[in-house]
1. Quick check on my filter: what residues within segment 30-43 are under 9 Å from the mean Cα position of the chain (by Cα) and under 13 Å from Arg77 (Cα atoms)?
2. Test each condition in (1) more than 21 Å from Arg45 (Cβ to Cβ); (2) of a type in the set (Asp, Glu); (3) within 12 Å of the chain's Cα centre (by Cα) for Glu132 and report the one that comes out false.
Amino acid sequence: MSLPAPIDHHSILGAMLAPALLMAATGSLLVSANARLARVVDRLRSLIVAWEKDAPDRSERDLQIQRHRTRAAMVLRACRLLYAALGAFVGTSLALAADALLGYPIVGAVPTVIAVAGMLCLLLASLYMGREVGLSVKSFDDELDQEMARRRG
C-alpha cells in the first residue's frame, strides 16, 4: 500500500502568487476608475447647476452634459469589467489551490480558462478607460474654446 504524496504547500502558494499580483493591479485600476467616475459625476452636477440658470450657451452645455453622461457610462462599464476581472483572478487562485489539492485530472484547464477570462476583462476595461480619457480631453478642449470665445467676444 502506497502513501499519498505529500502536499507541497510552497508550490501551491507559488502558483497562487501570479493571480494575487493581478488582483493587486486590478484593485489599483479600480481605485483610479472610481476616482475618475467621481470626477465625472461632480462635473455633471456643476454643469446641471449652470444649465438650470438658463445661460445663453445652453445648447453648448447640453452637449457637455451628454458627453459627460457618455464618459460616466464608459467608466461604469470599465469598473464592472474590472470587478469581473478581480473575481476571475480570485477564482483562478482558488482553482489553482483546488488543482493542487485534488490533482490535475479533476480540475483540468479551469484555472487557465478563468485567468484568460480575467485578462479579457482587463483588456476591455482598459479600452473603455482609453476611450473615456479621449472624451475627457475633447470635453476640456471644447470648454477651453468656448471660454476663450466668450472672453474675446
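Coordinate-derived values only; no laboratory data. Predicted model, so just to flag it, every value in this text is computed and none were measured. Positions of Cβ are generated from backbone atoms using ideal geometry, with glycine treated the same way; all protein chains shown enter the neighbour counts.
1. Leu30, Ala33, Asn34
2. (1)
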